[in-house]
Structure formats: C-alpha cells, structure tokens
Protein chains: 4
Amino acid sequence: MPKEIKKIGVFTSGGDSPGMNAAIRSVVRTCAYHNKECIGIYQGFEGLMTGEFEVMDARSVKGIINKGGTMLKSARSQEFRSHEGRKKAYENLKKAGIDALVAIGGDGTFTGTMVFSKEFGFPVIGIPGTIDNDIFGTSHTLGFDTAQNTVVEAIDKIRDTASSHNRLFFIEVMGRDVGHIALNVGIAGGAEEILIPEEDLGLDRLVESLNRSRKSGKSSSIVVVAEGDKIGKNIFELKDYVDQNMEGYDVRVSVLGHMQRGGPPSCFDRVLASRMGVKAVESLLEGKSNFMVGLLNNKMELTPLEKAIKGKTTINLELLRVSDIMST
Amino acid sequence: MPKEIKKIGVFTSGGDSPGMNAAIRSVVRTCAYHNKECIGIYQGFEGLMTGEFEVMDARSVKGIINKGGTMLKSARSQEFRSHEGRKKAYENLKKAGIDALVAIGGDGTFTGTMVFSKEFGFPVIGIPGTIDNDIFGTSHTLGFDTAQNTVVEAIDKIRDTASSHNRLFFIEVMGRDVGHIALNVGIAGGAEEILIPEEDLGLDRLVESLNRSRKSGKSSSIVVVAEGDKIGKNIFELKDYVDQNMEGYDVRVSVLGHMQRGGPPSCFDRVLASRMGVKAVESLLEGKSNFMVGLLNNKMELTPLEKAIKGKTTINLELLRVSDIMST
Amino acid sequence: MPKEIKKIGVFTSGGDSPGMNAAIRSVVRTCAYHNKECIGIYQGFEGLMTGEFEVMDARSVKGIINKGGTMLKSARSQEFRSHEGRKKAYENLKKAGIDALVAIGGDGTFTGTMVFSKEFGFPVIGIPGTIDNDIFGTSHTLGFDTAQNTVVEAIDKIRDTASSHNRLFFIEVMGRDVGHIALNVGIAGGAEEILIPEEDLGLDRLVESLNRSRKSGKSSSIVVVAEGDKIGKNIFELKDYVDQNMEGYDVRVSVLGHMQRGGPPSCFDRVLASRMGVKAVESLLEGKSNFMVGLLNNKMELTPLEKAIKGKTTINLELLRVSDIMST
Amino acid sequence: MPKEIKKIGVFTSGGDSPGMNAAIRSVVRTCAYHNKECIGIYQGFEGLMTGEFEVMDARSVKGIINKGGTMLKSARSQEFRSHEGRKKAYENLKKAGIDALVAIGGDGTFTGTMVFSKEFGFPVIGIPGTIDNDIFGTSHTLGFDTAQNTVVEAIDKIRDTASSHNRLFFIEVMGRDVGHIALNVGIAGGAEEILIPEEDLGLDRLVESLNRSRKSGKSSSIVVVAEGDKIGKNIFELKDYVDQNMEGYDVRVSVLGHMQRGGPPSCFDRVLASRMGVKAVESLLEGKSNFMVGLLNNKMELTPLEKAIKGKTTINLELLRVSDIMST
C-alpha cells in the first residue's frame, strides 16, 4: 500500500508554453482543495538540485491564469542526468517532506522524471506542456491551441502586406520534428502550400503548386514552412531557389520565432490546464504514478509515461487533403 | 439512383457566427475542386424566396477566411415557414439549375431545411454554425471556440478593474438554453461562481460561495452568468439582491452582448470550417442528404439532421467540478 | 528653500485606467535612479488614512508595465474629505518619513491632493490617469489611447454581426461629461452618427441622419453614444424611439461597460506613463509642487493643479466635421 | 486662376502601412461629399502607366477602414522614373479626365509625385503613409501608431518566454534610417537597451549596460535593435559577440519582419487617416498643390512636398533619457 501523500511538489521544465501557469495554478488549488500542501520548485530539474522550493497556497497563484510563460521558471540541468545528481534531488525532496511530483513539460521532462521515479520509487505524474503537440496520449498539449492562434494572427498581418504588393512569402513556424502547427495554421492562414517534416513534398511539386496558384489568378501567395521540413533546404535557400528558378516573383521570408511561445493562453488552453492539474493531483492521491494526464475524446485519461515518450503522434491526413482543396 | 449533382447552392441563416465565411469559402472551393458550379444564396431563406443568387468561383471567396460575420448575409423569412413559400423557393432553385444545398446555421436553419428537403426531395447537408455549441452530433459548432476567446479577453480586462477596486462583477455571456460558453469562460476567466441554465445553483449557494471566497482572502470576485441561467433572476436583480443582502460589496454588472458573435475566427474555427465545407460538398456528391456534418473525436462525421435537431447536448460535469476546485 | 526630498510616496486613486501601473513603475524607477526612496501607498486616499505603505525598489515593479489596472489599488475615502482625516494622513506620512507625493488619478484625486497640499505645505505632483481625457493641461490622459483601441475592437466585432443581419446598433461608450472617446471611436469605427454630451444633436437630426444613411445604400448602421449624451434619452429609450417611429429597422443595443477600463496599455500609453513618471519625480526634486504633468505638443509640461481641475477640455470641432463627411 | 477640379485620382505607393485603406476611404468619401468624382488608381505609379483606373463612390470603400494593407495595391515603376514614362502617365490622366491627384506613401512616392507635378503643372497633394514616421512635417505618419502596438505585443510575448528561461533576446524591429519605432517600443516593451541608427552606442556600452542590468538583479533582458542601427554589426553578429565575450548568457535573436506592416489600424491611425483624407481633398479643391498634409500639434497642417522630403525628423532626446532611467 502506498504511503499517504501529504505534500506535492510541482515544477516546469523544457521549453515554456502558454498554459503552464494555469496548470501550476490548478495543481496548487487542487492540493488546497484536498488539504494537501503544495511546494513550488523553481528552475525545473535545476531547482531539484539546488532545493529552490517555496510553499504555495491558493493565493500564491492569484492572477496567473492568463499569463504566458511559467512563474516557476524553467532551466536545463546537466547534473540531473547523472545518478548522483538525481540522488541529490531525491534527498532534497525528502528533506522538504515532499511525497510526490507533478512535472509539467515535454518529452525531455518526462524522460528525466521517469528515470528518477524508477530509481527512487518516487510517485510522479506528468502534464504535457509544449506548443508542438508532439506527445502521444493527448490530442492537445498545453499551449498548442494558443500558439496556433498567435501564428495565424501573424500570418493575417503578413497577408495584408503580401496582397498589397503581390508578393510570395515563406513563413517559418515552429515544429522541428512535427508539422502539427504548420498544417493547421497553413489551412487557417489560407496558405497556398505547407511544408512539414512528415511529408517530402519535393521542390518540383512546390514549384508546380506555385505556378498553378498563379495561373488560377492569385496575385500573392503564402507558403508555411515548419522548421524541420523535409525539403532539404532552409527557408532562405527556398527563397533563393524561387528567385533563381521562377520568374516574376517578389519573394520574402519571415521567421516567426519565439513570439510563438508566449502570450496569454487561449480559453481552450486555460480550461485544459485546469482539468489537467486536477487530474494530475487526484491521480497521485489515488496512488497512481508514472502516468501522463492527457485529453482523449474530450476526456481526461492517463497514459503511462513510457508510452507517452515512445509513442509517435501522426499527422491527420485529412488535413493535408483539405489544405490541397482549399488552395484551389 | 440519385441524379448527378452539377450545381450546389450555399446559404447562411440564423444568428451569424465566426467561421461562417470560412465555411462558405470551403464549400465554394470544394465545388471548384470537383468542377461543380457553386451558387451563393444571399439573406438565408429570404434569398431562396427572392432568388438573390450569385455564381461563386474560387476567387469570389478570396480574403474572407479571417472575417467574422457572413458575406452571404442572414435573415429570417416568415414566408419560408409556409408550404407555399417553400414551393416558391423550390421553383427558384430549379430555375437556377441548383441541384443541392449546403445550409450553414443552427437549430432553426436545420429544421426549415429538413422540412424543405422532405417536401421536395431536395438534397441538403447542414453545417452547424452558432457560437452556442448547442447542436447534437458535433463536439464543436462553428464559432464556439472564437466566442470563448472573445469573452475571456473581455473578462481579463474586467478583472483588471475589478481587482483594482476590490469589486464583485456579474458578467452576462451568451447562452439562453445552454451553459457551454459560461462554463468554459468561467473556468478560463477565473470566475468564483458560474450560473448556467442546466443547474439551479440557488441564491443561497451563490451567497455562501461569495462569502467563502471572501473569507479565503480574495478581494475581488467575478461571477459569470449565462443569459438563461436558472436562478430565476436576471443579472440586474442579482446585483440588487447582493446589494441588499450582503454587506460591503461594491457590485457591478457587465452584459457582454453582441460583440461575442463577431471578430476574426480562431485558428480552430477556420480549420473546422474548412473541414466541414469539404465534407458537406463531398457528402452531397456521394448522394447523401439530410445529414449534418460534425466533429466527433476529431473526425468528420455525419449525423441525420433530425437527430441533430432533437438531440440534446449536455454539460460536461467534470468541468463543473473543476470550476469548484479552481475557486478554492 | 525647500527641504531636500529623500522619500517619495506614490498612490493611485479614482477610477483605474490602463497605464497606471506603467506610471507607478516609472515613479519607482526614477526614484531609484536618483537614489531616493520610494513608498507605495495602497488603496489611494484610504491608504493614507490606514498607513498601508510599502517600500518599493526597482525590482518591485518588474513585469507590470503591460498590466492593466493598478497594483497599488484604488479606493474612495470619506474620511480624507474632512480636515481631521487629512491630518491623520499627514501624520502617517511624517511618521513614515515621506517628504512628497505623486498622485495618479483624475479630477477628484487632484482636488483632494491639492487641498491636502495647501493645508500642510506638503509637496505634491499629479499624473493624469483616466480613460476619459477630460483633464485640462494635457492632450492625452493615461489610458485614453488604450480605451479607444479597446472600444474600436469591440465595434469592429459588432459590425461583423450588424452587417450580416442589416441591423442598427446603438453602442454606449464611456464618457459621462465629455465625448472624446465617443467622437474618436465613432470615426474609427465607421459610425453613421455619434451622440456626445457637448452637442445636442436632437432626435430629429438623428432620424434624418439614419434615413439619409439608408437611402445612400447602407444596409447596417452603428450609432455611438457617450454615456452622458445630451439627447435626453438613455440608450434603451433611443432604441424604443426608433422601434416606434421608424420603419423596418432591426435595432439592438450594446453597452460596452467596464471592459473599456482594462487590458494591457497601448505602446502610446506605456511611453506616456514612463515620461510622466520621470517628469513628476524630477519636478518634486526640483522643488516644484501642486502641478500636474501633462503632454502638450508632444512635450512634458507642468500645469498648476488648480488650473488642471478648473479648466475645461473642449471637443475638436474638426473631428465632428470629419465624422459628418465620413458618413457620406 | 486654377481650373475647377471635378475629378480626383488617388493611389498608394511604396511600402504599405496600416491606415492606407482608411485614407483611401476618406479621400473617396470627401470627394462624394463635395460632389466630385473619385478615381482609384491601382498599383501606384505602375497604374498611372497602364491606366488601371476605377471609378469609386462612397460604397466602394465600405468595410475597409479596419483593414491593413491597401486595396489599391502598391508597386514600383521603373518607367515612371523617365520623363517619357511620366508623360504617358499624364496622358492617361488627361484621357480619364482626372484633374488632380492624392498620393499616399512615403519619401519615394512624394519625390516622384512632385517631379511629375512640376513637369506637367498637375495638382497633387501627398498623405504620409509609412510605419517609419520618417517624414518631416507631421508628428505621426499613417501606420506608425499601429506598428508600434504590433511590435509591443510581440515583445510582450517574447518576454514571457525570456523571463521563463532567464534569457537575453535581441529583437530586430523596422527602421533602416530612423529609430522612432525602436525607441518607443523599447520603452514600452521594457527593453534594457535600445540600438538606433541615430546614436552610436558602441559595443562597450552595450556590454556595460547588460552587466549593470544583470547586477541589478534582472534575470532576463531584452535589447531592441532597429534594422539600421549604427553599432556596425547585424543582429546575428551581436548575438555571436555576446556569446563569445560575455559569460553565462543564453542569447536568442528574433527578427520581427513584415508582420509589423500589417493588421487592423489602431483607433489613432484610423482617425488620422480620416482627417488627412479630408484635408487632402479640400486642399486640392481650394487650389493648393504640391503640399503634404500632416499632423502638427494635433492640427491638420500643410507642408510643401519639397520640405517634407528634404527635412529630417529627429529623435526625441527626452525619450532616450527616459529609456535609460527605466532600465534602472
């Protein structure tokens, strides 16, 4: 029988995403609701090393539900990668009387957390916080919805100037290994073509697609490119290619960059964060460990951390087809 | 065997919602993709009476994916409620060579469309466009996501002034029969209490909840009220009640009103609209009729219009519980 | 020769406005820059009574430049209106070693502050913080620019639904005594008519204007109404009047309310707040008192508080004419 | 005595800016108000060559006041730079019966327009449309206010992630020759340092400033860099310099790019555009030519085009000082 949990620690790690603060708030208030103590751990794994802990009550998380970023900060820790480092973390937790952890982050966060949990039998639950939506076991990661809206607003602005000047814009959006953001914002932003890591479109088809789009009477075009697209050229090389091989295009590049990670979370991400925080704490209180909470068919479900890390998310092929039809 | 469909009409009816334009665009472009003609019908059912039709090609819907409202306008038609009126509509459609209809709207739109379809054996497919999310057969209606974000941004602004003055705000949001918007924005806006049509909270519990919230150290409070809440008082009577029965509250009311219906659609609503438009047109081309397209488990699915109208959507009880825990 | 100033208190009072936090930040950092101590006084005049003071250094105001509302809160104080109350305030200030005050607020704030200053020879400088832009001695009060953008965004949303349904909307915006917001947002929102306190348009001209607008082919109309317009009817009575006396209008009312006061300040308001805070502190350090800092011809200027209170701002008649021409 | 003006042409040229559409709308409606005909000229100078003209009445400009970009498009024309080309333009105008021109754009637009006007005695008035605010004779160019808000929103988002990770961000904003945007958004975005073309800060001072900021307890920093800053390194070289010469910084770069040019104009820009359009048309009707309309001390004023082009705008030194104090 598992030991009763009286004190829960919470931390964020890896790249931040909108909704992390709302998730922290939910973890803290769910602890308060169940009369458990909650400890905020600063700087991710690094804070486990240094013992940068702080008691949090329901009022500590006032006014953060609508803030981007993470009030608990995030940092990488080389030390935590060694058994010795993790042992230090374990001792810090024990000393502080912390019985269980909620880890908010992505793949890397979950891997570190799982190894730690197995080594020391320490109860942990993960909450998927990343804008990339690349975690198996949840239809939406925290921040994915917000990031998409941020990108679409930027594309709308770029289209204003693109269509005033009859230009072709290559717009780079986040997504090193997955094209979820690119695919959705491409459709929503009315892009003529979308380049994603999951599909090698090939330069020829890109050229053909642009030509077709021009023949159909479009005077300006937008191509959305995921960071990790498979076409084998970076976005500036793409521009050069079109400049050199196609006539009459005025080509520009826009790399949206880090603004995609910030900003007030959308309604969806705030509600999702609130639900995930409740589920994470209550799962720990029920004696569960080494699971990730996720949204599946609009319900809160648990997936073993191991599966969440190893599983692959896949692109919705229907969306690729919708994108093709829309750029008619 | 159904007649081959060569010309498809599309119209919007009932209250407008963000995403309707994106859905029109998708219907038009999917027709173009399949080499079918598309006819825009203006003013909803009224346009069927008056024959306000216009040929639409892929370029006619340029630059509307990010616009709120509906370029085809929406209007009520008394005449369409009579058999005679609907006969006139049928004749107008025949005269124009239109073989099938895509109807974008809510309950009322679907009812009228279904009656018409049955009387004249006319192929129709419905797309659920309403911010209320009160249609059975889809997890999200077009505009629901956008409206939630609009409301949450307004609540964030009101909270700035509420917390500067230690005030209690009652905020009325749309939802005459259903509390979907209220429940989600209440959680996302950090409301202390949420009043919805589906649940009779009772004045006593509201009072108790406000008192508890104050005792817990909160200096300002927000109560989200759906238009159709069951507490038996309108929002101004609620204010008066608190003014008269509770001490030391500085109570204000804000009725968000029609701004909830407008604005550029969110990424989610644009993608949803694009998917629904494709599915609607392709369902007609496959010979289907009297269905509504919907999003179920993140897939496009068909539901008979009759079920869509009669079925009831229900409140997610988990959200009510999350709301309670968050207002700890 | 005035006593050297070593410790400056700052407070906000009256209705809050976006930019107040940025002004507090500027006062605090300008003090730090000049090696003076800065004391935050909570709850406006009320905090002077209760001595709710807090030492603030440059880091205390971190992350507030983009937050609406006021971190120092605002409250009314009956007690401060009496000489005895003000004496208590004076003693609290002396006890805390505070030598001078920066008061951020509107008319009422300045009146109280000036009386206090004269009674006790206490150095004070005012910063005009109100969305109404009704203070003499500055072309812009803090929050005016932000509030206008907030209102215009709301009108844009309402126009989406207005034009989808061919409706007439009366939209009420803040401004009990002055029409600055109404006049500017009316032009920017493309309103057909603007009703302001400074001008008695008369119902007849409103009716005439609406008729002309309809004849010119406009299918939907927006009328912006300042809270304090002189037409002698509130906005719901206006709706009823049109319903009863004009044919074929589908009239709706939207009262924008308190959301106009909140939200992240615009770039303009943040820069203005930063400039005003510097000028306020440096004016005190130069031995000045009983002035308000203001923006005149894009320069920081001082106006005696007495003139700021008694002076009247006037409507730019050119804007009225522009509005007429634009609704052609 | 000048010939009576009956038909006015309007075009946009050079880089587009938010508010250009609102200015076109104002020109068109002011013509309608004075019973003059208005002709829209597409593609800037290029349209003068090709005669791409269109009659515009009050309804032609419906629904564009809140749209970024320019409905009349903008393009460069090599041909217009030759006398022969300009002669062709003159003949096209004469053939179409156009008596006068309103030119909306920046420096380049005004230069071409002025040369043309002098060669053919053709009445012209300029409206300054550019986000850079680099035109003499107006305190604000069209689009400057909007662009600042767009940039500040982006900086707010980047700060979320910067402060979550304790990072240093270099953010590049528009401004090849002038630092107006950089200076204002730097203050409004809470930047630690601002690099502008008008001031050679020098790398040493940048390094010193970053060190001071860190010592003062700041964990994250933002440096705003105008495109044309004088420090002699591009933004990626700046990053490399800090990476190599300063310890313990995690440096990132964000180039905001073309999204700065688009988006719905702010309330300020819409009102300014409306005022400028009225003034431009009425100045032509009064027989004036070769002037630019501008905002000076909140009044519409005329400046000879020649002065507008040759005059230099200067940085407000007060703002530099405010920026220094704020980064205390």
Which number in (1) surrounded by fewer than 19 Cβ atoms within 10 Å (Cβ to Cβ); (2) outside any helix (DSSP H, G or I); (3) not assigned by TED's automatic domain parsing to the domain that holds residue C:136 marks the one condition that residue C:288 misses?
(3)
Matching residues in region A:29-55 (under 30 Å from residue B:149 (Cβ atoms), free of Cβ contacts under 8 Å to residues at least 40 places away in the same chain and assigned to a helix (DSSP H, G or I)) number 2
Can you tell me which residue within region A:28-45, out of those that are more than 20 Å from residue A:131 (Cβ to Cβ) and crowded, with 24+ Cβ neighbours inside 10 Å, is nearest to the chain's Cα centre (by Cα)?
A:45
Restricting attention to region D:160-207, report how many residues are more than 10 Å from chain A (Cβ to nearest Cβ), assigned to a helix (DSSP H, G or I) and of a type in the set (A, V, I, L, M).
9
Using the structure shown, decide if residue B:63 is part of a loop (DSSP other than H, G, I, E, B) and touching a Pro at 6+ places or on another chain (Cβ under 6 Å).
no
Of the conditions (1) in contact with a strand residue (DSSP E or B) (Cβ under 7 Å, 6 or more places away or on another chain); (2) of a type outside the set (A, V, I, L, M); (3) surrounded by fewer than 17 Cβ atoms within 10 Å (Cβ to Cβ); (4) touching a residue at least 12 places away in the same chain (Cβ under 8 Å), residue C:279 clears all except one; give me its number.
(3)
State yes or no: is residue A:77 of a type in the set (Ser, Thr, Tyr), outside the structural domain of residue A:226 (by TED's automatic domain parsing) and at pLDDT below 95?
yes
Please go through region D:135-146 and pick out each residue that is buried (at least 24 other Cβ atoms within 10 Å of the Cβ) and within 9 Å of another protein chain (Cβ to nearest Cβ).
D:145
Tally the residues that are charged (D, E, K, R) and either crowded, with 24+ Cβ neighbours inside 10 Å or not assigned by TED's automatic domain parsing to the domain that holds residue A:212 (or both), restricting the search to region A:175-187.
0
Confirm whether residue D:83 is away from every other protein chain (no Cβ under 14 Å) and either in contact with a strand residue (DSSP E or B) (Cβ under 7 Å, 6 or more places away or on another chain) or not β-branched (Val, Ile, Thr) (or both).
yes
Can you tell me how many residues within region C:188-244 are of a type in the set (Asp, Glu), out of contact with any Lys or Arg (no Cβ under 9 Å at 6 or more places or on another chain) and surrounded by 15 or more Cβ atoms within 10 Å (Cβ to Cβ)?
1
When restricted to C:233, C:218, C:157, the only residue touching a helix residue (DSSP H, G or I) at 6+ places or on another chain (Cβ under 9 Å), charged (D, E, K, R), part of a loop (DSSP other than H, G, I, E, B) and facing another protein chain (nearest Cβ under 10 Å) is C:218
May I ask you to list the residues in region B:258-276 that are at the interface with chain C (Cβ under 10 Å from one of its Cβ atoms), touching a residue at least 40 places away in the same chain (Cβ under 8 Å) and assigned to a helix (DSSP H, G or I)?
B:259, B:260, B:261
Scanning region B:107-137 for residues that are assigned to a loop (DSSP other than H, G, I, E, B) and among the small types (Gly, Ala, Ser), the one farthest from residue B:21 (Cα to Cα) turns out to be B:121
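Looking only at region C:1-28, which residues are among the basic types (Lys, Arg) and not in a helix (DSSP H, G or I)?
If the condition is that a residue be among the basic types (Lys, Arg) and not in a helix (DSSP H, G or I), then C:3, C:6, C:7 are the ones that fit.
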Residue satisfying all of: in region D:94-111; within 12 Å of residue D:48 (Cβ to Cβ), touching a strand residue (DSSP E or B) at 6+ places or on another chain (Cβ under 6 Å) and not small (Gly, Ala, Ser); surrounded by the fewest Cβ atoms within 10 Å (Cβ to Cβ) among these
D:98
Please determine, by comparing only the residues of region B:152-196 that are touching a residue at least 24 places away in the same chain (Cβ under 8 Å) and basic (Lys, Arg), which one is farthest from residue B:213 (Cα to Cα).
B:176
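Collect the residues in region B:236-257 that are closer than 10 Å to residue B:172 by Cβ and either more than 14 Å from chain C (Cβ to nearest Cβ) or among the polar types (S, T, N, Q) (or both), keeping them in residue-number order. Spell out the reasoning first.
Pass one, region B:236-257, residues closer than 10 Å to residue B:172 by Cβ: B:236, B:238, B:253-257.
B:238, B:254 - these are the residues of region B:236-257 that are closer than 10 Å to residue B:172 by Cβ and either more than 14 Å from chain C (Cβ to nearest Cβ) or among the polar types (S, T, N, Q) (or both).
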If you check residue D:66 against the conditions, is it on the phi > 0 side of the Ramachandran plot and among the polar types (S, T, N, Q)?
no
Scanning for something part of a loop (DSSP other than H, G, I, E, B) and either touching a Leu at 6+ places or on another chain (Cβ under 6 Å) or surrounded by fewer than 24 Cβ atoms within 10 Å (Cβ to Cβ) (or both), does region B:84-93 turn up at least one residue?
no
Given (1) outside the structural domain of residue A:222 (by TED's automatic domain parsing); (2) surrounded by 20 or more Cβ atoms within 10 Å (Cβ to Cβ), where does residue A:254 come up short, assuming only one miss?
(1)
Suppose we filter region A:8-50 for residues that are under 12 Å from residue A:105 (Cα atoms) and hydrophobic (A, V, I, L, M, F, W, C); how many remain?
6
Checking C:104, C:98 in turn, the sole residue that is outside any helix (DSSP H, G or I) and closer than 27 Å to residue B:160 by Cα turns out to be C:104
So which residues in region A:299-325 are at the interface with another protein chain (Cβ under 9 Å from one of its Cβ atoms), in contact (Cβ under 8 Å) with a residue 12 or more places away in the chain and either surrounded by fewer than 20 Cβ atoms within 10 Å (Cβ to Cβ) or not small (Gly, Ala, Ser) (or both), if there are any at all?
A:300, A:316, A:319, A:322
When you go through (1) under 30 Å from residue B:221 (Cα atoms); (2) in contact with a helix residue (DSSP H, G or I) (Cβ under 6 Å, 6 or more places away or on another chain) one by one for residue B:255, which number turns out not to apply?
(2)
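The values are calculated or read from the model by the stated rules, or taken from the named source; none is laboratory data. Bear in mind that the values here come from a model prediction, so they are computed numbers and not experimental data. Cβ: placed from backbone, ideal geometry, glycine included. Neighbour counts: every protein chain shown.
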